[in-house]
Structure formats: structure tokens, C-alpha cells
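One structure is given here, and the rest of the page talks about it.
The values are calculated or read from the model by the stated rules, or taken from the named source; none is laboratory data. All figures in this text were calculated on a predicted structure; none of them were measured in a lab. Heads up, the Cβs are rebuilt from the backbone with ideal geometry, glycines too, and the neighbour counts pull from every protein chain shown.
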Amino acid sequence: MHHSIMTVKGEILSDELGLCHSHEHLFIAEGQSAKINKALRIDDYNKTLEEVLLFKKIGGQSIVDAQPVGCGRMADLLYKVSEETDINIIASTGFHKLIFYPENHWIHSMSEEQLMELFASELQVGMYINSDERRYERIISRAGIIKTAVDTEGMTKEYRKLFRAAAKASLLTGAPIMSHSETRTGIEQVKFLSEQGIAPESMIICHIDRSIEDFTYQLEVAKTGVYMELDTIGRLKYHSDEDEVKLILKLIEAGFEDKILIGLDVTRERLKSYGGEIGLDYIKESFIPLMHKHGITDTWIRKFIIDNPAKAFTKKI
Ligand SMILES: [Zn+2]
């Protein structure tokens, strides 16, 4: 079996991934997301290009774009910016929280089978452009992961249908599932996906570090064997970066350093090229030095930014 990862420019070997941010948003089209939060519109090609070039300048090689099909994902621009910068981009099919879709969206009306076929075909054939004007056009770039999400109410009937479709597409294609979680919903999601036959090494649970006062939750998720994404870095409205580092130290101490992925989960408000203050150089320039300061060695850091993403985003068949 050869180990490969699907990027928008085609398959690469897992060890070619290099320095990877495991959860970002390079583009989000104008739409329902921006109606809810105006920072959820990232649609200026040249600004995103500038940001990705900044990432490249600090040694970045790969970015996971977490915006799924039909939810403002701009597949054609992901390909274009990857082509122009030579940065690997792993795109998402799947679905986001239902608040990010208008009431009449196909996400609500499609059957489980139809959703499964849509996700699988985006992983195997190519992604839909899915803008208002070019609704049914698709490109040859394929998605590399299946995004899933729940809201605070957890696994309702509609979410269970969506999760089953995602699980079937994952079993068919080998693509990993990357799931948005709310405070403490991670366990329920892992349990449901396990029941559908998904192995822990094919699951990535995002935002595991939003609320970190109580370590028992993170420990419970870690013990299931899934990959955990720490993406609340430089988001000081939640907690300080020092507290984030303390969480990482606890996870290392508990033996889970091979399961940690990191990213910034950027929005328009944080990207430097859009006038924000964080930027895609933040992990390299600020967060890694802070980890060093607290005794986290380069061997561990290499795992979080290179080795663990290389395993987590590898196709499992
Ligand atoms: Zn996100």
C-alpha cells in the first residue's frame, strides 16, 4: 500500500506534505456564513494569494482548507492559488453546521444516498465549483477529506443522516473525516462514527481546545485514539497561548503527542492580508517560539506540524 494524500493538484506521497496547518480557511464565498458573521467572507483572490505567499516564506508547505462543498467553498480558487504558489492544499467535501446553509439549500433535501454519492464523487472525480453562477460545473481537482460538523444540540436526526453519508463515503474512498466539534460534543461524534465503522485513525476532531479549564474532556477524546486538532491558537477571546501550551504539555505527558494537529482556523478578521493581526506566519513566528520557551522540543513540534498531519490526512485505502 502506498501512502498518499489527495491535494487539489493531485495525489502526493504522505512524506511530501511537509509543514502543514491542519485547519484553515483560505476562501469563503459571500453567502449565509457571512450573514451570520461578517468575518466569514474571504473572497479576494489577490489577498489570499499574498497570505499563502507569506506562509510559504516562513517555510510552510501544506494547508488544509476546512470549507466544505455548498458552504462557500471556492474550489476553483483553491486550485488556482495552489498552482500559483506551489503550496499543497487539501480541500474538503462534506458539510458544516446547518446554521451556515439557507433553509432551501440542497443539504436539507438530499437523501443519505445522494449525499454519500456527492461526497464520494468529489473525492474521486472532482469538486463542484458551486458558486451561484456556476452551480453544476466541476473541476478535476478533488477533495482530500470529508468535513463533518454538529452544533451545540449534538447529533440530531438530520446530523445523523449527514454523518452516515459522510461515513459511507469515507469507507468507500479511504478519505479521513475531519469533524467540527462544539464544547464537549467530540465524544458523541467519535462514538457515532465508530458505530458506522470508521476507525479512530480516520477521524480528526477539531476545536478540541476551545474550552480548556477541565482536562478530563480532552483526555476522554484522546483515549479513543482519534487525531485531535488544536486550532484555538492566537484566539485570545477563548484563552491565552500560554494556556494552549499548557494543554499541549498535558497531552504530551499523557502520551498523546502522536495525535496532535495544529492550525489557526483563520477568518477574515485574523488574516494579515485582509487587515487582520494573526496571519499564516503566526504559528512559526509566535507559537513555536512559545512552545520552545515552555520546554516543548523540536522533536515534538515536528510531530504536530509534519509527522502527525502526514498520517492523519493519508487516504486509508
Ligand atoms: Zn474552521
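Inclusion of Ser170 among residues that are more than 16 Å from the chain's Cα centre (by Cα), surrounded by 14 or more Cβ atoms within 10 Å (Cβ to Cβ) and either modelled with pLDDT of 95 or more or on the phi < 0 side of the Ramachandran plot (or both) is not warranted. Considering Glu277, Glu285, Glu229, Glu269, the condition of being within 26 Å of Glu50 (Cβ to Cβ), within 14 Å of the ligand (Cβ to nearest atom) and surrounded by fewer than 23 Cβ atoms within 10 Å (Cβ to Cβ) is satisfied by Glu269 alone. Looking across the range 235-251 at every residue that is more than 20 Å from Lys284 (Cα to Cα) and assigned to a helix (DSSP H, G or I), the one that is farthest from the ligand (Cβ to nearest atom) is identified as Lys250. Only residues that are in contact with an Asp or Glu (Cβ under 6 Å, 6 or more places away or on another chain) and either over 20 Å from Thr173 (Cβ atoms) or loosely packed, with under 15 Cβ neighbours inside 10 Å (or both) were counted across the range 85-137, and they come to 2.
Trp300 fulfils the conditions (1) within 15 Å of the ligand (Cβ to nearest atom); (2) more than 18 Å from Ile63 (Cβ to Cβ); (3) in contact with a strand residue (DSSP E or B) (Cβ under 9 Å, 6 or more places away or on another chain) except for a single criterion, (1). Residues of the range 184-209 that are crowded, with 24+ Cβ neighbours inside 10 Å and of a type in the set (A, V, I, L, M): Leu193, Met203, Ile204, Ile205, Ile208.
Yes or no, residue by residue, for (1) within 18 Å of His25 (Cβ to Cβ); (2) more than 16 Å from the chain's Cα centre (by Cα); (3) in a loop (DSSP other than H, G, I, E, B); (4) not hydroxyl-bearing (Ser, Thr, Tyr):
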| position | (1), (2), (3), (4) |
| --- | --- |
| Glu83 | no, yes, no, yes |
| Ile99 | yes, yes, no, yes |
| Glu103 | no, yes, yes, yes |
| Ile107 | no, yes, no, yes |
| Glu113 | no, yes, no, yes |
| Met116 | no, yes, no, yes |
| Ala120 | no, yes, no, yes |
| Asn130 | yes, yes, yes, yes |
| Tyr136 | no, yes, yes, no |
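Residues in the range 25-81 that are among the polar types (S, T, N, Q), surrounded by 20 or more Cβ atoms within 10 Å (Cβ to Cβ) and closer than 14 Å to His96 by Cβ: 2 in all. With respect to being touching a Pro at 6+ places or on another chain (Cβ under 6 Å) and closer than 21 Å to Ile12 by Cα, Ile140 falls outside the description. When the residues of the range 200-215 are filtered to those that are among the β-branched types (Val, Ile, Thr) and under 17 Å from Ile252 (Cβ atoms), the one that is nearest to the ligand (Cβ to nearest atom) is Ile208.
Of everything listed in (1) farther than 22 Å from Gly94 by Cβ; (2) β-branched (Val, Ile, Thr); (3) surrounded by fewer than 20 Cβ atoms within 10 Å (Cβ to Cβ); (4) in contact (Cβ under 8 Å) with a residue 12 or more places away in the chain, the single unmet condition for Thr216 is (4). Within the set Leu162, Leu123, the sole residue that is touching a Ser or Thr at 6+ places or on another chain (Cβ under 9 Å), more than 16 Å from the ligand (Cβ to nearest atom) and closer than 30 Å to Tyr238 by Cα turns out to be Leu162.
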